[in-house]
Structures are given as C-alpha cells and as structure tokens.
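Asker: Once you've had a glance at the structure underneath, I'll fire off some questions.
Nothing in this text is a laboratory measurement; each read-out follows from the coordinates by a stated rule. Because the structure is predicted, anything quoted here is derived from the model rather than measured. For neighbour counting, all protein chains shown are included, and Cβ atoms are generated from backbone atoms with ideal geometry for every residue, glycine included.
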Amino acid sequence: MATMQLHEVNTHGSHIYNNPRHGLRITGFVVLVVALAAAPLVAGEYQLHALIVSMTFLLPALGLNLILGYAGMLSFAQMAFFGIGAYSSALTAMRWGTPFWLNLIIGGLAAGVVAVPLGIPALRLRRYSFVMCTLGFAVIAQTVAKNLVSVTRGDLGLSQVPRPRIALWSGGFEVTGITSYYYLALTLAVLAVVAFLALVSSAAGRYMIAIREDETLAASVGTPTWHYRMIAFALSAVFAGVGGSFYVHYFTVISPTVFDPFYANTVLVIVLGGGVGTVGGVVLGSFLFVAASEALRIAPDLRMIAYGLLLIVIVFACPEGLLPLFMRKLDGLKGRTHVA
Amino acid sequence: MSPDTLAALSIRGIAKRFGSIVAVAGISVDIKLGEICGLTGPNGSGKSTLFDCCTGLQKPSTGRVYAQGLDITGWDMHRIVREARVIRSFQKAVVFRALSVEENLVLCGQMIAFAGMASTFGVGPASRHRVRRLREQAGHLLELVGLSHMRHATAGQISFGQQKLLQFASMLMPEPRVILLDEPMAGVNPILIDRMMENINRANREQGITFVVVEHNLDAMKALCHRLLVLSRGELIADGAPDAVVRDPAVVEAYLAG
C-alpha cells in the first residue's frame, strides 16, 4: 500500500521550490541558450528554419503547460488562441503598419481578451466538459476565420503580411534574412521561458499547483480558485497569441488551416511527450517533436504514420514524458557512482 | 434568534435538505470563543454537512451562520477563511501531495503574506523576503508538531499520521481564530493521537484558538474537549460536559440505534 501511494504521487511542478537540481537546471538552460545562439555558425538555412518553427511552437506549448501542468485543466483551445493572435497581429500590421513589438502585444492581448468571455462559462465546467468546450471553441474559431471573408479573406487567408519591423513606432528596419529571424525567435523564446518560470515560481504559481492538486483543499486555505483558474487560462492564451503573432510575421501568410486539429495535437504532444508540468520538458518537446516532424519529410508518404508510431513508442517508454525519464536515468547514474 | 456576537461561531437554525432527505434539521448552537468543542454522533447524523454549511463548502437550505457577529452565510470557502479566519480540515484530502512539507505550510501562509491578488505575481526581493519569513514560521511550526526532520520530504510520501500532523500545522499558518477539525485522529496511530491532542491543547491555550472537533474516538474527546455536542438524524440531541453527555440515555440510544 505504501509503495502504491509512492507511485501515485504526482510531483510535477513541485520542482520549482528548493530543488536540489536547481544548479543543474540553470546550467542546462544557459548551455542550451549558448548552443542555440551559436547554431547559425554551423546550421544550414533549412535547419535554422526548423529551429525557428520549434521555438514558435514553444510559446503555445508553454501556455498549455501552464493550464494543464499547473492549473490541471486540459484545453484544446491553444491553437485557436494562436490563430487569433496571428490574425489580429497580421490585420493590424497590414492596416496600420504597426511595429513588430506592438504586434506581439496585440496578438497576445487579443487572445487573452477572447479567453475571458470563453472562460466565464467554460471554467464552471469540470474535466471532460471543459475539454469539450475548448474543442468546440476551436471549431468555432476556424469557422469564423473561414466565413468572415470581408476581414479574413476566408479560405484564401491573408498573404503578404509585413515582415517584423524593428522600430519604436515608424521607420526602423525590416527583418528579412533567416539568421535575423532566428535570433528574433531565440530572444522571444528565452523571454517566454523566463516569464513562465517567474510566473510558476511566484505565490500565484503555488496557488495554481494547489488547484491542480485538490481544488477544494486549495479553497480551504484561502485560494480564490476560480480567479486563479481564469488567470491561468487567460495567460495560457496570451502565450499562444504571442506565438501566433511571431508565426504570422515569419511565414507572412495565414489561413484557417492554422485551426486544424493537427496543430492543436502537435502542441499537446510537445507538452505531454516532453513532460507536463516541467519547463525543461516542454522546451525539449518543442525541439524534438517539431524536428522529428520535419526530419520525417524525407519519406512524405510514410511521414504521418511514422510520426504516429513514434508517439506510441514514447507513450509506452515514458508515460510521464521524456524529461522525467531522462532525469531518472541521471539519478540512476549518480546512484551507481555512489556505490562504486 | 439573534446571533451571539461574542461567540466564535453562532449557528442559527441551519438546515440542509437534499431533495426529500434532511441532512441537518435546523440546528442552533453557539460555540464560545476559546473553547474546544467536540461534535459527535452516529454516521450520517449530519456532522460533516453542518461543517460544510459553516465553512462555505455547501450552502445551507435555511438558517444563518455568524462568526463573531459577522454574517458568513453563503460566502465562498476562501472568503470565510480570509475574512472570518474560520478554517477547516477534511477527512480525506489532507495535504498537497506534490508539494514538499515546507511548501505546504508556505502555501497556507500565503493568504496573509500575499493578501492582495496582484501581490501573488511578484517575484522581486519583497516577495522573496515574504516567502523567507513564511519559511521561518513554517520551520517553527514543524518543530512544534515534531516534523522538522521531514521539512523537504514530499508530502505525499510521508505516513498518513504525519500528513495529519502536517495538516494541523498548515492550519495554524494563516493565524486562524476558529479551527474546525474533521476527524483529526481517524487512521492515526496511538502515539500520534497523543501528539495531536497535545498540539490542539497548546494552540488553544497559547494562541486562544477556538476548536470544533468532529471525532468518533470518545476517549480522546473526553480527554480533549471542554464541551461535547451530539447529533443524531440531523438534530442536536445533547450539549454539555463530555462526561455527562456520554452517559445521557438519549445519546446511548442514538449510538445503539445508529
């Protein structure tokens, strides 16, 4: 019975506080950032493109990690918020020529603002009903993008979306080369990870973990649970919206296919496969699963089948995700060194 | 039926019905400030429902609850804890299993240290200082309940009895006025029961905290409580000194019948 309980304990998220591996995590993060910063020296254009796409998907994945891994709610609305961020950012940039930084804010805010009226009814639902509600929202978002032709140009989508313009307001310079895009994406990814870590290690982050663990118990120690679930939901949308904004100014096109379940699934795979409730796992997941999806393009006919098989293998090999598996292996190695 | 504004809890005609089933049938009672009051009765007598109605987990069908004159009827649970300083425990959900022992305590102290919602998002030196203070307070409480050596253990991995001690320490973090304990001794070994009773007595004596304790262990109740209330079928059937109450024929009959 005692060992049963041991296995049932879900320690996701608790690593934030007083973790003996804190030093290792910081070192890992710094090494990764330095390696990524040096990547353009060795990587070709196509590899850089794949890395940019990975870092773009990192944002909605962090958002999903917040709501699923910390507040404990599964949402399929992430890519809908990503799309809302992309469309709103593209439309303002096309109409008013707003600079890149402002577009990012607009994309993030638009998604966050839409999340609030959705959250008011949806967050009263429990578990599967909430999941269904977010799924329904994603379908509605796609339908709107397809049919509000006067604004979104329907299935044609928006094209010739301005490239990122780095300026305080007007003027400035335009980001065009792949290397410049790459560094822009890297900066954004680093900022997003830092913001995420700050959030989950704050008192608010502790409340979110409490809600995931046991909502009634959380309320009994003074947590306004509904408010924090709403905040987690809106912030997860903001992360996705900012990601969508970057995406649209990189690809310079956007169409309703962004709302396809495939993309929503990719984000889910990144979070669950990498390690839900961990930050390193989501970062790892973003690079690995986007890279795997790109690498499998060498066999286009079998690509999706191979991708699906890879997921099944991962689920069997490490149900908690790749990062927890990796950490356990690391602990195992340490244990052996002690014995030796 | 006016409330006693000096009472820690003044319960006035609380009833709770689920369709045609009456869980609590109109109870009025005052819990005096500073007392340790036991609440007992056969299974299904309405003890937990009464607790739930006093702490916001359920809304009473009729009746009102006052905490030192403050009408808290129908408030959300988190507001009752924050504003009336009435906190409760649960039988099953004891601790936040994924968090460390220390983090459980820090979490429970947050409502005081980070009172405003905006402050909970802070990550600067001021926030770190507040958390450090909470950790100090937590260290002190862990010493009192005898769990210092488990400070960094994951709460879900310590024994159930130790979890109950941790739960008790957690409830002291937000400096409550009233603590409602739902079966604090169920599933706890005899040595830890003694320690739990000692802790309740000390918190009552030194911090003046009022306790209402739901418990089936009558020996423990006689030793611990100043006063004992007995419920049967949603009604209050006895109220008085523990020794006298357990000999009350109505109480004996309720237990034998229940």
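Asker: Among the chymotrypsin sites (Phe, Trp or Tyr not before Pro) within segment A:160-269, which fall in a DSSP loop and have no more than 12 other Cβ atoms within 10 Å of their own Cβ? Walk me through the intermediate numbers first.
Answerer: Numbers: sites: A:W169, A:F173, A:Y181, A:Y182, A:Y183, A:F196, A:Y207, A:W226, A:Y228, A:F233, A:F239, A:F246, A:Y247, A:Y250, A:F251, A:F259, A:F262, A:Y263; in loops: A:W169.
The qualifying sites are A:W169.
Asker: Is there a pair in B:K92/B:K222; B:K92/B:K164; B:K47/B:K222; B:K32/B:K59 whose C-alpha atoms are over 20 Å apart, and which pairs would that be?
Answerer: On the way: B:K92/B:K222 24 Å; B:K92/B:K164 10 Å; B:K47/B:K222 18 Å; B:K32/B:K59 23 Å.
Pairs exceeding 20 Å: B:K92/B:K222; B:K32/B:K59.
Asker: Can you pull the percent of Cα pairs in chain B with separation above 32 Å?
Answerer: Working: 7556 of 33153 pairs.
Pairs farther apart than 32 Å: 23 percent.
Asker: Moving on to the next point. Using just the helices of chain A, give the 222 nm mean residue ellipticity in deg cm²/dmol: DSSP H runs with n ≥ 4 each add -39,500 (n - 2.57), and the total is spread over all residues, rounded to 500. Intermediate results must be reported in sequence, preceding the final value.
Answerer: Details: 15 runs with 246 residues, N = 340.
Value at 222 nm, helices only, nearest 500: -24000 deg cm²/dmol.
Asker: A follow-up question, please. Given labels modelled 7 Å from the Cα in the Cβ direction, how far is it in nm from A:R126 to A:L325?
Answerer: 3.4 nm
Asker: Here's something else I'd like to know. Give me Rg/Rg_expected for segment A:210-276, where Rg uses Cα atoms only and Rg_expected = 2.2 N^0.38 Å with N residues. Please list the in-between numbers first.
Answerer: Numbers: Rg = 16.3 Å, N = 67, 2.2 N^0.38 = 10.9 Å.
Segment A:210-276 yields a ratio of 1.50.
Asker: Considering the options A:A111, A:L191, A:A141, tell which one lies farthest towards the positive end of the dipole of segment A:46-259, charges being +1 on Lys and Arg and -1 on Asp and Glu at the Cβ, about the Cα centre.
Answerer: Going by the Cα projections, it comes out as A:A141.
Asker: Within the P(r) computed for the protein assembly as shown, what percentage of the Cα pairs occupies the region above 33 Å?
Answerer: Working: 92343 of 178503 pairs.
Across the protein assembly as shown, Cα pairs with separations above 33 Å total 52 percent.
Asker: Ok, one more. Treating only the Cβ atoms of Lys and Arg (+1) and Asp and Glu (-1) as charged, compute the dipole magnitude of segment A:46-259 about its Cα centre; round to the nearest 20 debye.
Answerer: On the way: 11 positive and 5 negative charges, 46 e Å.
Value, rounded to 20: 220 debye.
Asker: Also: Give the aspartates and glutamates whose C-alpha is closer than 17 Å to that of A:K146, dropping any in the same chain fewer than 8 places away, or say none.
Answerer: Within reach: A:D155, A:D260.
Asker: What aspartates and glutamates could a cross-link reach from B:K16, if we take a straight Cα to Cα line under 19 Å and drop same-chain neighbours fewer than 8 places away?
Answerer: B:D30, B:D52, B:D71, B:D76, B:D182, B:E235
Asker: Here is a follow-up. Rounding to the nearest 20 debye, state how big the charge dipole of segment B:92-175 is about its Cα centre with +1 on each Lys and Arg Cβ and -1 on each Asp and Glu Cβ.
Answerer: 140 debye
Asker: When Cβ neighbours within 10 Å are restricted to other protein chains, what is their mean count per residue of peptide B:108-114?
Answerer: Numbers: counts 5, 3, 8, 6, 1, 1, 6.
Across the residues of B:108-114, the mean count of other-chain Cβ atoms within 10 Å is 4.
Asker: Helix B:160-172 versus the longest principal axis of chain B: what is the Cα-based angle in degrees, 0 to 90, to the nearest 10?
Answerer: Taking the Cα atoms of chain B, the angle to B:160-172 is about 80 degrees.
Asker: I've got another one for you. Let me know the charge dipole size of segment B:1-68 about its Cα centre in debye, to the nearest 20, where only the beta-carbon of Lys, Arg (+1) and Asp, Glu (-1) is charged. All intermediate terms of the calculation are to be shown ahead of the outcome.
Answerer: Numbers: 7 positive and 4 negative charges, 48 e Å.
The dipole magnitude comes to about 240 debye.
Asker: Counting only other residues whose beta carbon sits under 14 Å from that of A:V144, what net charge do I get with K and R as +1, D and E as -1?
Answerer: So the environment of A:V144 carries a net charge of +1.
Asker: Can I ask one more? With a Förster radius of 60 Å, plug the Cβ-Cβ distance of B:R247 and B:R133 into 1/(1 + (r/R0)^6) and report the FRET value to the nearest 0.05.
Answerer: Numbers: r = 49 Å, r/R0 = 0.82.
About 0.75, to the nearest 0.05.
Asker: What fraction of the Cα pairs in segment B:57-198, stated in percent, has a spacing above 17 angstrom?
Answerer: Working: 6379 of 10011 pairs.
Considering segment B:57-198, 64 percent of its Cα-Cα pairs are separated by more than 17 Å.
Asker: For the pair B:A115/A:L156, report the inter-label distance in nm, with labels modelled 7 Å from Cα in the Cβ direction.
Answerer: Calculated label separation equals 5.9 nm.
Asker: Averaged over B:57-67, how many beta carbons belonging to a partner chain fall within 10 Å of each residue's beta carbon? Numbers along the way, then the final one.
Answerer: Numbers: counts 3, 0, 0, 0, 0, 0, 0, 0, 0, 0, 0.
Rounded to a whole number, the mean comes out at 0.
Asker: Here is a follow-up. Sorted by mean Cβ packing within 10 Å, highest first, what order do the peptides B:194-207, B:93-106, A:300-313, B:220-233 take?
Answerer: Values: B:194-207: 16.1, B:93-106: 24.4, A:300-313: 12.1, B:220-233: 20.4.
The peptides rank, most packed first, as B:93-106, B:220-233, B:194-207, A:300-313.
Asker: Counting only other chains, what is the mean number of Cβ atoms within 10 angstrom of the Cβ of each residue in peptide B:78-84?
Answerer: Values: counts 10, 3, 3, 5, 4, 1, 0.
Counting Cβ atoms of other protein chains within 10 Å of each residue's Cβ and averaging gives 4.
Asker: To continue, here is another question. Taking the Cα atoms only, what angle lies between the long axis of helix A:100-122 and the longest principal axis of chain A, rounded to 10 degrees?
Answerer: It is inclined by approximately 60 degrees.
Asker: Work out Dmax and Rg for chain A from the C-alpha atoms and quote the Rg first, both in angstrom.
Answerer: Looking at chain A, its Cα Rg and Dmax stand at 20.3, 71 Å.
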